[in-house]
1. Given C-alpha coordinates of the chain, what is the ratio Rg to Rh with the Kirkwood estimate of Rh?
2. Heavy-atom accessible area of LYS74 with all protein chains present, probe 1.4 Å, nearest 10 Å²?
3. Tell me the carbon and sulfur percent of the accessible area for the chain, rounded to whole percent, probe radius 1.4 Å.
4. What pairs from LYS151/LYS213; LYS74/LYS118; LYS186/LYS211; LYS103/LYS186; LYS58/LYS103; LYS27/LYS125 go past 18 Å between their alpha carbons?
5. If I ignore ligands, DNA and RNA and count only protein heavy atoms, how much of VAL47 is accessible to a 1.4 Å probe, in Å² to the nearest 10?
6. Taking the Cα centroid of region 18-92 and of region 224-256, what is the distance between the two, rounded to the nearest whole Å?
7. If I require 18 Å or longer along the helix axis, counting alpha carbons, and a Kyte-Doolittle average no lower than -0.5, what helices from the chain are left? Use full DSSP H segments.
8. Check the straight Cα-Cα distances from LYS253 and name the aspartates and glutamates below 19 Å, setting aside those fewer than 8 residues away within the same chain.
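The values are calculated or read from the model by the stated rules, or taken from the named source; none is laboratory data. None of the values given here were measured: they were computed from a predicted structure. Positions of Cβ are backbone-derived with ideal geometry, glycine not excepted, and every protein chain shown enters the neighbour counts. Calculation scope for accessible area: heavy atoms of the full protein, side chains included, ligands and nucleic acids excluded. Shrake-Rupley method; radii C 1.70, N 1.55, O 1.52, S 1.80 Å.
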Amino acid sequence: MKDRPLMPEQYRVTALSELALETHSMKVSGKMNSLPGQFVIVSLSGVGECPLYIASHKGSNLEFVYRTDCSITKAMSRLSKGDRIGIRGPYGKGLPVKEMNRKDIYLIGQDMGIAPLKHLVEHLKKAKVARTISIYASFMKKDYVIASWIKEWEKDNPVILSVRSADDGYLGRVGKPEDMLEGIRKDNSLAIVSVREASAIAETLLSLGLKEKQIYAAAHRTIVCGIGKCGHCLHNGRYICKDGPFMRYDIYKELIRR
Ligand code: FES
């Protein structure tokens, strides 16, 4: 760890775009080593800090995706190309990419949970560690622009896409991610669940024959320091910022027990 782990480094904003209503992408340039599933703390002087998953990392180019639902992300969306932004991290354990070698990888994402999956898809493609990737994703209809990522993924791998609720006349699939898991292969596979409440999906996966050790789920708690010091994310003996956010399901299950 660095001498001053809470001190942000300065990164240069290289692109900003609105992907969908209140959903933005920010690309920055700067040095970092990251693993899929890790996050950073973005900091804006005089405004505040917020944690964001890394959605893409190629060379010195990083991408983050966020909803403009707080003062910090609203301020981020008003930045311009060439501006500087403070970033510290990456933090978190990251996903077990070595374990994915020659396995079928099921990526199950919903809404903004798709961001760390994008980073993982990018990694798996480059490292060619997975034999097959199947992606099940579920969005609200207004999030469809993120489906442009899915279109890229679909070139190499099957994708099942649905919305949780739809207007009359909608012709696509409607349902929750756990409704779309039939046919999943239980042997030699790993499932990555990136949704707000992962238990329903994980329990469905278990009922289909996967073991707890074949499932990784993202835990959610308020993250402040990101390095296991402030205690904000401490829950049932685990620090989400340090021990997660993605955890193997046998650990995740203990974490969420009442
Ligand atoms: S965010 Fe401070 S201990 Fe985890």
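1. Expressed as Rg/Rh, it is 0.95.
2. 100 Å²
3. Working: 6130 of 12810 Å².
C and S atoms contribute 48 percent here.
4. Details: LYS151/LYS213 30 Å; LYS74/LYS118 23 Å; LYS186/LYS211 8 Å; LYS103/LYS186 11 Å; LYS58/LYS103 24 Å; LYS27/LYS125 20 Å.
With Cα atoms farther than 18 Å apart: LYS151/LYS213; LYS74/LYS118; LYS58/LYS103; LYS27/LYS125.
5. For VAL47, the solvent-accessible surface is approximately 70 Å².
6. Cα centroid of region 18-92 versus Cα centroid of region 224-256: 22 Å apart.
7. Working: long enough: 114-127 (20 Å, 0.04).
For the chain, where a helix must reach 18 Å along its axis and average at least -0.5, the hits are 114-127.
8. Result set, ordered by chain and number: GLU178, GLU197, GLU203, GLU212, ASP243.
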